[in-house]
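In what follows, a structure is listed as structure tokens, so that the remarks can point back to it.
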Amino acid sequence: MPQMSPLLWLFLYVLFSMIYLVCMINLYYNFLYFPIEKKVMIKESFIIWKW
């Protein structure tokens, strides 16, 4: 495996942290502010997607 520079590691780390953060915030706000029906819909679509 080729040696990766620390700068590249840092860049990847920051990139994934940002993606993770955005996903978490999105989920958080969705479950806070969505009506119950939409929550159920999301849950059902998630189950379907997992299948």
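The values are calculated or read from the model by the stated rules, or taken from the named source; none is laboratory data. Nothing here was measured: the structure is a model prediction, and the numbers come from that model. Note: ideal-geometry Cβ built from the backbone for every residue, glycine included; neighbour counts use all protein chains shown.
Matching residues to (1) at pLDDT 80 or above; (2) surrounded by 10 or more Cβ atoms within 10 Å (Cβ to Cβ); (3) assigned to a helix (DSSP H, G or I):
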residue: Met1; (1), (2), (3): no, no, no
residue: Met18; (1), (2), (3): yes, yes, yes
residue: Tyr29; (1), (2), (3): no, yes, yes
residue: Val40; (1), (2), (3): no, yes, yes
residue: Trp49; (1), (2), (3): no, no, yes
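As for segment 3-11, it holds at least one residue that is at pLDDT 80 or above, surrounded by 10 or more Cβ atoms within 10 Å (Cβ to Cβ), aromatic (Phe, Trp, Tyr) and part of a helix (DSSP H, G or I).
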